[in-house]
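Right, one structure below, let's go through it.
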Amino acid sequence: MEKTLNRIHPVSDPKATYFLQVSWEKDLGTGFGLLLSDCQCAWTGAVSEADISREAADIEMDREKYVEELRKALIAGEESAGKYNFVIS
């Protein structure tokens, strides 16, 4: 299993710091787990392969392109800094 951990500052609260851990087996396209923490609380979730396919279809984006955008937003870290915004709600 592979994992990444990134520090994020959501646009909804720029002074706040959150840590986002993403874990996956083969690649993001087969599904992944998420853990989000503000160092006081933590939230977990899972995204299945079917969820990814459904989301890509909903926004009418090629599935492979959608998976690449997920990779950039969730695990690319420094190479994508400033290109993606997070909103915590």
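The values are calculated or read from the model by the stated rules, or taken from the named source; none is laboratory data. Only a predicted model underlies this, so the values are computations on that prediction, with no experimental measurement involved. Cβ placement follows ideal geometry from the backbone for every residue including glycine, while neighbour counts extend to all protein chains displayed. Note: areas computed on protein heavy atoms with side chains; ligands, DNA, RNA excluded. Shrake-Rupley method; radii C 1.70, N 1.55, O 1.52, S 1.80 Å.
Of the residues Arg54, Arg71, ranked by 1.4 Å probe accessible area with the largest first, the sequence reads Arg54, Arg71. Solvent exposure of region 2-80, expressed per residue, is 64 Å² of accessible area, with all protein chains present and a 1.4 angstrom probe. How much of the accessible area of the chain, in percent, comes from carbon and sulfur atoms when a 1.4 Å probe is used? For the chain, the apolar C and S fraction of the accessible surface comes to 50 percent. Simple spin-label estimate for Lys3 and Lys26 gives 2.3 nm between the two label positions (7 Å along the Cα-to-Cβ direction from each Cα). In the chain, the longest principal axis of the Cα atoms and the axis of helix 49-58 are about 80 degrees apart. Along the positive direction of the dipole of the chain (beta-carbon charges: Lys, Arg +1; Asp, Glu -1; about the Cα centre), which of Leu28, Cys39, Leu70 reaches farthest? Comparing the listed Cα positions along the dipole, Cys39 ranks first.
How big is the Rg/Rh ratio for the chain, C-alpha atoms only, Rh by Kirkwood, two decimals? Looking at the chain, the ratio lands at 0.96.
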